[in-house]
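Heads up, the thing below is written out as structure tokens.
Please treat every number below as a calculation from the coordinates, not as lab data. What you see is a predicted model, and the numbers here were worked out from it, not measured in a lab. Cβ sites come from the backbone with ideal geometry, for glycine too, and all protein chains shown count toward neighbours.
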Amino acid sequence: MEIGANFGKTLNDLTVPGSQRVDSKTLGQKDFLKLLIEQMRNQNPLEPQDNGQFITQLATFDTLNLMHEMTDAIKSLAAVSELANASSLVGRTVVAAIAQDPDPVTGIPREPERVEGIVERVVFGSNGASVYVGNRALPVDSIAEVS
């Protein structure tokens, strides 16, 4: 066995077989139903669970699933709103304050860089909307003034 074979692995990686590992973000309704069936198979026949408990679990799972869908829809709506707001800045003069890294010698924070110019275009990427002043991309949240 190599010395570095386990480097970067978690205890879970080493102790739980790959076939039993489940990413919590990938659990879905099928997984829940499988668990529910196994729960029913393995219950004590002399003391069976109440059907109401199963229905409650199913309703809770369904509610959670709907909440995730609603969260995704709200995120999409927020992204569209951000893009619409940023696109309204095209042709307008903006002033942005761009945060600077601290001084490498002293560690003292530097004053934000002031960038001023006319917004020429808007791009929406993984980090949200950015406006272009000249060839420089500025995050929308760095804009301090619009005129």
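Data for the structure
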read-out: Additional length obtainable on full extension of the chain from residue 51 to residue 101, 0.36 nm per residue less Cα span; value: 12.0 nm
read-out: Karplus 3J(HN,Hα) series, Hz, for segment 131-144 with 6.51 cos²θ - 1.76 cosθ + 1.60 (x for Gly, Pro); value: 9, 10, 10, x, 9, 9, 8, 10, x, 4, 6, 8, 6, 9
read-out: Hydrodynamic radius of segment 58-147 per Kirkwood, over alpha carbon pairs, in Å; value: 15.4
read-out: Difference of contour (0.36 nm per residue) and Cα-Cα distance, residue 88 to residue 62; value: 5.4 nm
read-out: Pair residue 116, residue 78: separation of 7 Å Cα→Cβ label points (nm); value: 3.3
read-out: Calculated FRET efficiency for the pair residue 37/residue 124, C-beta based, R₀ 35 Å, to 0.05; value: 0.20
